[in-house]
Amino acid sequence: MDFDLSEEQRLLKESVDGLLTDSYDFDARKKYMKEKGGWSKAMWGKLAEQGLLGLPFAEADGGFGAGGVETMIVMEALGKALVLEPYLATVVIGGGFLRHGGSDAQKAAYVPAIIDGSKTFAFAQVEKNSRYDLHDVTTTAKKKGNGWVIDGEKFVVLNGENADVLIVTARTKGERRDKTGVGVFLVPANAKGITKKSYPTQDGLHAADITFTGVEVGADAVIGNPDDSLALIERVVDDARTALCAEAVGLMDESLKTTVEYLKTRKQFGVAIGTFQSLQHRASDMFVAVEQARSMSMFATMAADSDDAKERARSIAAAKVQIGKSLKFVGQQSIQLHGGIGMTMEAKIGHYFKRLTMIENTFGDTDYHLRRVTEAGGLM
Amino acid sequence: MDLAFTKEEMAFREEVREFFKNNVPPETRRKLVEGRHLSKDEMVTWWRILNKKGWGVSHWPKEYGGTGWTSVQHYIFNEELQSYPAPAPLAFGVSMVGPVIYTFGNEEQKKKYLPRIANVDDWWCQGFSEPGSGSDLASLKTKAERKGDKWIINGQKTWTTLAQHADMIFCLCRTDPSAKKQTGISFIVFSMKSKGVTVRPIQTIDGGVEVNEVFFDDVEVPYENLIGEENKGWDYAKFLLGNERTGIARVGMSKERIRRIKDLASKVESNGRPVIEDPGFREKLAACEIELKALELTQLRVVADENKHGKGKPNPASSVLKIKGSEIQQTTTELLMEVIGPLAAPFDVHGEDGSNEAMEWTAQIAPTYFNYRKVSIYGGSNEIQRNIIAKAVLGL
C-alpha cells in the first residue's frame, strides 16, 4: 500500500511540469492553437526530445517501458497546462493499439515514428449514431484480394486534420450492433478515397469528420483479428479513459488553484470575497470533489494494468463516473466563483471549464458509465 | 505506487476476521446488523473479550497495553471490525480520555485510570458540549472553583452520549473566568456517582435515548483529578479531537450496510419483482458504491502516508473523510428506507437502558435513518469541516 511516486517518477513529474511551465503559458497556448491543425509542431518536438512520447513503449521497441503511473503523471501535467498537442490520440490510443494488438512488423513500422515525433495518430471511431458504444459500427471493411476496402463515415476524430495515420474501426461481419465482426485498421491519412472536414472543437482542440470511400489498404493494415477486435478496442479505450481521468485531475487542480487565488484577490464590499463563508464552503466542496477524483484516477490507473477485463472495465467505469461528477461541479463552480470575468474568453478559467466539459462526453459520460457499473452488479 | 496489501497484511486481515468470527457473540452481531441498540452488558462483555485478546486499546503505546501495529494494520482492524460487524471500542475511554491521560496525565493517574479504561471497568462519558456551546465549544460555562484540595463544579453538559451507563466523566470546566475564552479552561475527570450529578435522558428523533443532559450542582471533586496543567484544558481538547482522523470515514461500516441493502433488496418486492431489479434503485446503489470506493481510496492515501511518513503533518486529504464518510453513511440509511417502503412505519419502544429488541427488524430501519442525521452534526459539523478546509487547506 503506497501512493507515493518513486524517485524516477518524481523526476519525470518535475521535468514535464518544468517544460510546460517554461513553454506553455496561456499566451503561448493561444499561438499554438492558431497553427495548422490546432497545435504546435515545435512543441511536439520538445515533448519528443524529453522522451515523453516514448514512455509506454517496451524497451525492445525503442521506448522506456514505463507503466500506467507514468502516463498518469504526464496526463495530469498536460491537463494542468491545458495542452493541445495530440498525446492522447497518438501515444495513448495509437500507441495503445500497437502495444496491445500490433504485430512486430507494425510496431517496427510505426513505434519509432511516434517516439521521435515524426508521425501523429488519430482514432476514427465515433459514428453518427454510435454515441459511446464501441461495438456500434456501420463503417465496413470488405475483403478484396489480400487487402481490404473501407467505406463509411467517422465523426469528431480528434487530431483528424494533422494525423499521419488513422486507426479506423470497421465492421467485417454481422449487423450494426453485433459485438463480433469489428476490426481495427491502420490507414495512412493521405490514402485515396479519404475526405476530411476539419474544425476546432469547443475546448480549442481540433477534430475532423472523415469519409472513407472505397479506401484500399493491404493485409498488413489489420491490427489483431479483423473479425473480433472488440476486446482490443475496449482495452485501448480503457487506457484512454484512464488517461482522461488523469488529465481531468490536472485540469481540476489548476481550476481550484486559480479560483482560490481569485477569491483571495478579488475585493467587493471592501474585503476579499474569499472571506465570505458561502464562498469558502463552495471552495471546500470543490476541494473534496478534486480529492475524490484524484483517488479514483489512481484507482483507474492501477486497474488499467489488470488483465481481468471485467474487473478492469468496471473499475475504470467507476472512475469515469466520479471524475464526471467532480469535473462538472468543479468546472461550474469555478465559473460561478469568478463571476462575470469567468464568462469571458480572456480569463483562462473558462478554457479549463470547456476542456473539462468535453472530457465528460468523451468515451462515455457519467450516466453511461454508471449504467455499466450498475449492470456489472456494483463494485462489491 | 502500489495499491496491494503485503502478504503479512493479508495474513493479518485473516487473523482478525477469524477472531471476530469465533469471538463476537452472535446475538450482538445480529443486533448490530439490524441497527438495534445494545445493552450495556452486551457491549462490556464484548469489549472485555477484545481486551483479553490484547486488542482493546490497540492504538495506545505498547507500555500502556497497545499493540504496536502499523497504520495499515489499524486500518485493516477497523475495517474488519466495522464490516463484520462488531461493536467498536468505547471511544470516550479508548480514543478520547485514554490518550489524554497517557500524554498529559501524571504517573499516578496513568496507573489509576488506564487499565480500567482498557477493561471497561469504568464506563467513561464526555463532558464537552453545553446547551449554549455547540460548534463554539470554547464558550462553555461549566465552572470549577478551587476550594482547598477540592474543585466545586457547577453547570450543565449536554449531548452526553450513553451517560446513563457511565461511571466516569471527563469534563471541560472554566477555571479562570477572567481569562480569554480558550485559555481559562481545565480538563477534570470525576465519578458520575458523585453527589450533585444528575443525568436526564434526552429522547432523540429515532425514539432512542443515546444522549443525555448532565447537571452539576456543587459537585465536589478532589483537586488531583485535574489532568495536566490548570487552564490548559483547551489544548488537551484539541489534541483529543484531532486524534481520530481516519476512523471517522467508517468505510467498513458502509460496506456492511451496502451488503445488507443488497440482501434485503433481493428479498423485498416492488412491482412484483425484487427491489434490486428496479433499474432506478440499482443505479442509486451503484452510485453510492462508487462514492464509497473513492472514499476508501482517499482513506488509504491518508493511511499509506501515515504508514510511511508518520503522523506528523496531517495529509490534507484527511479533511475529506468526515464530510464524505458521513454523507455516505446517511445515503445508505436512505437506501434502506427506500427498500423497505411502507413497512418502515411501525415504531419500536426502547427499554430503560436504551436497548431495544421487541419488534421486527423492519422497525429499526426508519429509526436508523433518523438517527444517522447526527453523523453530519457531531464530531465537528460538516459545516465546521468546510471552515477547516477553507482555512487550513485552501488558506482562505
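Computed quantities for the displayed model
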{"item": "Options B:Ala144, B:Ala118, B:Ala138, B:Ala88: the member that is within 16 Å of B:Leu240 (Cα to Cα) and among the aliphatic types (A, V, I, L, M)", "result": "B:Ala138"}
{"item": "Candidate set from region A:257-307 (those that are facing chain B (nearest Cβ under 8 Å), over 19 Å from the mean Cα position of the chain (by Cα) and under 30 Å from A:Glu70 (Cβ atoms)); member that is surrounded by the most Cβ atoms within 10 Å (Cβ to Cβ)", "result": "A:Glu291"}
{"item": "Hits in region A:152-176 (condition: among the charged types (D, E, K, R) and over 23 Å from A:Ala89 (Cβ atoms))", "result": "A:Lys173, A:Glu175, A:Arg176"}
{"item": "Hey, A:Ala248 of a type in the set (Gly, Ala, Ser), in a helix (DSSP H, G or I) and either buried (at least 23 other Cβ atoms within 10 Å of the Cβ) or assigned by TED's automatic domain parsing to the domain that holds A:Thr71 (or both) or not", "result": "yes"}
{"item": "Any hit, region A:116-135, residues being within 24 Å of A:Glu8 (Cβ to Cβ) and in contact (Cβ under 8 Å) with a residue 60 or more places away in the chain", "result": "yes"}
{"item": "Number of positions in region A:308-318 that are within 14 Å of chain B (Cβ to nearest Cβ), of a type outside the set (Gly, Ala, Ser) and more than 18 Å from A:Gly67 (Cβ to Cβ)", "result": "1"}
{"item": "Condition met for A:Tyr352 (within 14 Å of chain B (Cβ to nearest Cβ), in contact (Cβ under 8 Å) with a residue 24 or more places away in the chain and among the aromatic types (Phe, Trp, Tyr))", "result": "no"}
{"item": "Residue identified as modelled with pLDDT of 95 or more and more than 29 Å from A:Asp203 (Cα to Cα) among A:Gln125, A:Gln106", "result": "A:Gln106"}
{"item": "Contacts under 9 angstrom Cβ, first residue in region B:1-27 being within 12 Å of chain A (Cβ to nearest Cβ) and within 26 Å of A:Val69 (Cβ to Cβ), partner of a type in the set (Ser, Thr, Tyr) and assigned to a helix (DSSP H, G or I), 6 or more apart", "result": "B:Met1/A:Thr301"}
{"item": "Listing of helices (runs of 4 or more DSSP H) fully contained in region A:12-106 that carry 3 or more residues being within 17 Å of the chain's Cα centre (by Cα) and not assigned by TED's automatic domain parsing to the domain that holds A:Leu134", "result": "A:68-80, A:95-101"}
{"item": "Boolean, B:Pro346 is more than 7 Å from chain A (Cβ to nearest Cβ) and either part of a helix (DSSP H, G or I) or within 23 Å of the chain's Cα centre (by Cα) (or both)", "result": "no"}
{"item": "When residues of region B:298-337 are limited to those that are without any contact (Cβ under 8 Å) to a residue 24 or more places away in the chain and in a helix (DSSP H, G or I), the one farthest from the other protein chains (Cβ to nearest Cβ)", "result": "B:His309"}
{"item": "Per-region count, region A:319-333, residues within 12 Å of chain B (Cβ to nearest Cβ) and basic (Lys, Arg)", "result": "2"}
{"item": "Filter result (among the aliphatic types (A, V, I, L, M) and either more than 10 Å from every other protein chain (Cβ to nearest Cβ) or more than 17 Å from A:Ala317 (Cβ to Cβ) (or both)) within region B:253-297", "result": "B:Met253, B:Ile258, B:Ile261, B:Leu264, B:Ala265, B:Val268, B:Val275, B:Ile276, B:Leu295"}
{"item": "Residue pairs meeting the criteria (Cβ under 8 Å; at least 6 apart or on separate chains; first facing another protein chain (nearest Cβ under 8 Å) and buried (at least 19 other Cβ atoms within 10 Å of the Cβ), in region B:377-395; second part of a loop (DSSP other than H, G, I, E, B) and at pLDDT 90 or above)", "result": "B:Ala390/B:Leu396"}
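The values are calculated or read from the model by the stated rules, or taken from the named source; none is laboratory data. Here the structure is a predicted model, which is why all the values come from computation and not from measurement. Using ideal geometry, Cβ is built from the backbone for each residue, glycine included, and neighbour counts are taken over all protein chains shown.
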